[in-house]
Amino acid sequence: MNGMERLKTEILREYPRHTGDDRFQFSCFKGISCFNKCCADVNIFLSPYDVLRMKNRLGMTSEEFLGRYTLLPTDQNQKYPAVLLEMTHTEDKHCPFVSAEEGCTIYADRPWACRMYPAGLASPGQNQAERNGKEFYFLIKDTFCRGHEQEQEWSYQEWVDNQEIGPYKEIGELFKELATHKWFESGKDLSPEKIQMFFTVCYNLDAFRRMVFGTSFLEKFEVDEALQERIRHDDVELLKFGFDWLRFSLFGEPTITIRPSVLAEANSRLSP
Ligand code: SF4
Ligand code: SF4
C-alpha cells in the first residue's frame, strides 16, 4: 500500500465523518503565530486540474512545471501515475511557493489539498461500483495549527464555497471515473505505454496538445471543428477531451470515433 492509500485507509477507518451542515471552528490569517507552518514538509499530491492551474499561473509549459516542481513517486501497487509537489531541499523542506511575509504566492491557484485544509473530503468508494458511496468531510487537526483555537465558525459547505472548490471538484469527479474505472477491478494493469499515455493526458497537457495537433491524430479520429477550436486554446476543454481519449484508448469505451476510412483500411489489411 502506498502512502496515499495508507492515508485514505486511515481516514476511512478512524476519522469522524461530517456532513456539509456540520460545523467547525477555524480561522487562518497573516500574523497568526503558526503562519506558514502548514506549508512545509508535507505530501501534496497534485490532481490534473491542480497542475493545469499552477503551470498557467506560473506561465510555464506543463513540461517545465513538472520538471521543476514535482516528483513522480513510484510504488509497485500503483495502478496509474501520481504527481507530488516537491518541497525545497532546505532544512525545513518548505513549499517552493511559500513566502515568509505573504504566505502562499500562488494563492488564487493553490492546489485542492491546500484549499481544503484543514478540512478534507473523502469517498468510501474504492472502485466504480462503490464510487457513489456517501462522501463525507473530515477535519485535520495538526498540533501546530492554531487556527482551530479561533472563534470563527464554518459549516463544511460554507468552507468549500469560500475556498472556491467548485471547478476542482468538477474535474476531480471526471478524473475519479478514470482512476476507479471498472477495467481495474479484474486486477488488470496498464502497460507501460498506457501508463505513459495516462500521465501525458492528465499531467503533461502541452505534450497531449502536440499529440492531437502535431501528429496524424486528427486524420484518424473524428473531432469536430468547434471542439478542435476549443481544445486548441483552452486547457480545461483539452483535459476533458483527454479524459474521453483515455476512456477510449485505455478502456475501450466508445467515447472517441475512428474515421470510417481508417477503419475500412484496417479491415482490408486484416482480410485474407
Ligand atoms: S501551494 Fe501555497 S498553500 Fe500550498 S503548501 Fe505551497 S505555499 Fe502553502
Ligand atoms: S498552520 Fe493552520 S492557522 Fe497556521 S497558517 Fe497554516 S492553516 Fe493557517
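The values are calculated or read from the model by the stated rules, or taken from the named source; none is laboratory data. This one's a predicted model, so the numbers in the text were calculated from it and none came from an experiment. With ideal geometry, Cβ positions are generated from the backbone for all residues, glycine too; neighbour counts draw on all protein chains shown. Surface areas here come from the heavy atoms of the whole protein model, side chains and all, with no ligands, DNA or RNA. Shrake-Rupley method; radii C 1.70, N 1.55, O 1.52, S 1.80 Å.
When the Kirkwood hydrodynamic radius is evaluated over all pairs of different C-alpha atoms of the chain, what value in angstrom, to one decimal, is obtained?
Final number for the Kirkwood radius of the chain is 20.7 Å.
Compute the Rg/Rh shape ratio of region 153-272: radius of gyration over Kirkwood radius, all on alpha-carbon atoms.
My calculation puts Rg/Rh at 1.07.
Which chymotrypsin sites (Phe, Trp or Tyr not before Pro) in region 19-57 sit in a loop by DSSP (not H, G, I, E or B) and have at most 12 other Cβ atoms within 10 Å of their own Cβ?
Phe29
For region 31-137, which whole percent of the accessible surface, found with a 1.4 angstrom probe, sits on carbon and sulfur atoms?
Carbon with sulfur: 50 percent of the solvent-accessible area.
Which residue, Gly147, His94, Met197, has the largest displacement toward the positive end of the dipole of region 79-218 when charges sit on each Cβ (Lys, Arg +1; Asp, Glu -1)?
Value: Met197.
With a point put 7 Å past each Cα toward its Cβ, work out how far Leu72 is from Arg17 in nm, to one decimal.
3.6 nm
Roughly speaking, what is the centre-to-centre gap between region 37-56 and region 75-124 when only Cα atoms are used, to the nearest Å?
Cα centroid of region 37-56 versus Cα centroid of region 75-124: 4 Å apart.
Report the local net charge at Lys55: Lys and Arg +1, Asp and Glu -1, summed over other residues whose C-beta lies under 11 Å from its C-beta.
Overall, the nearby charge balance is -3.
At a Förster distance of 22 Å, what's the computed FRET efficiency of Trp183 paired with Glu237, Cβ-Cβ distance as r, to 0.05?
With a Förster radius of 22 Å, E is 0.35.
With each run of n ≥ 4 DSSP H residues scored as -39500 (n - 2.57), what mean residue ellipticity at 222 nm is computed for the chain after dividing by its residue count and rounding to the nearest 500 deg cm²/dmol?
Using -39500 (n - 2.57) per qualifying helix, the result is -13000 deg cm²/dmol.
Quick check for you: with a 1.4 Å probe and neighbouring chains kept, what is the accessible area per residue of region 129-200, in Å²?
Solvent-accessible surface per residue comes out at 58 Å².
Report the charge-dipole magnitude of region 232-272 in Debye, nearest 20, computed about the Cα centre from +1 at each Lys and Arg Cβ and -1 at each Asp and Glu Cβ.
200 debye
Pop out the Kirkwood hydrodynamic radius of region 206-249 from its pairwise C-alpha distances, inverse of mean 1/r, in Å to one decimal.
Answer for region 206-249: a Kirkwood hydrodynamic radius of 10.5 Å.
How much net charge surrounds Arg209 when only the other residues with a Cβ under 11 Å from the Cβ of Arg209 are counted, with Lys and Arg +1 and Asp and Glu -1?
Here the count lands on -2.
If exposed means no more than 12 neighbouring beta carbons inside 10 Å and the site is in a DSSP loop, what's the longest run of the chain without any exposed GluC sites (Glu not before Pro)?
165-272
Hey, for a label at Ser268 modelled as a point 7 Å past Cα toward Cβ, could you say which residues of region 215-241 have their backbone N under 11 Å away?
Taking a point 7 Å out along Cα→Cβ of Ser268, no residue of region 215-241 has its backbone N under 11 Å.
Just report the Cα centroid separation between region 235-263 and region 159-217, whole Å.
Rounded to whole Å, the Cα centres lie 12 Å apart.
As an exercise, identify the trypsin sites (Lys or Arg not before Pro) in region 164-230 lying in DSSP coil whose Cβ has no more than 11 other Cβ atoms within 10 Å.
Passing sites in region 164-230 are Lys188.
About its Cα centre, what dipole magnitude does region 1-130 give when the only charges are +1 on Lys and Arg Cβ and -1 on Asp and Glu Cβ, stated in debye to the nearest 20?
Roughly 220 debye, rounded to the nearest 20.
Do any trypsin sites (Lys or Arg not before Pro) in region 39-128 lie in a loop, going by DSSP, with at most 14 other beta-carbon atoms within 10 Å of their beta carbon, and if so which?
Counting only loop positions with at most 14 other Cβ atoms within 10 Å, the trypsin sites (Lys or Arg not before Pro) in region 39-128 are Lys93.
Note down the net charge around Ile32, summing +1 for each Lys or Arg and -1 for each Asp or Glu among other residues with Cβ under 10 Å from its Cβ.
Value of the local net charge: +2.
Give the relative contact order (percent, whole number) for region 135-252; include only Cα pairs under 8 Å separated by 6+ residues.
RCO, region 135-252: 28 percent.
Compute the projected area of the convex hull of the Cα atoms of region 8-71, averaged over all viewing directions, and report it in nm² to one decimal place.
7.2 nm²
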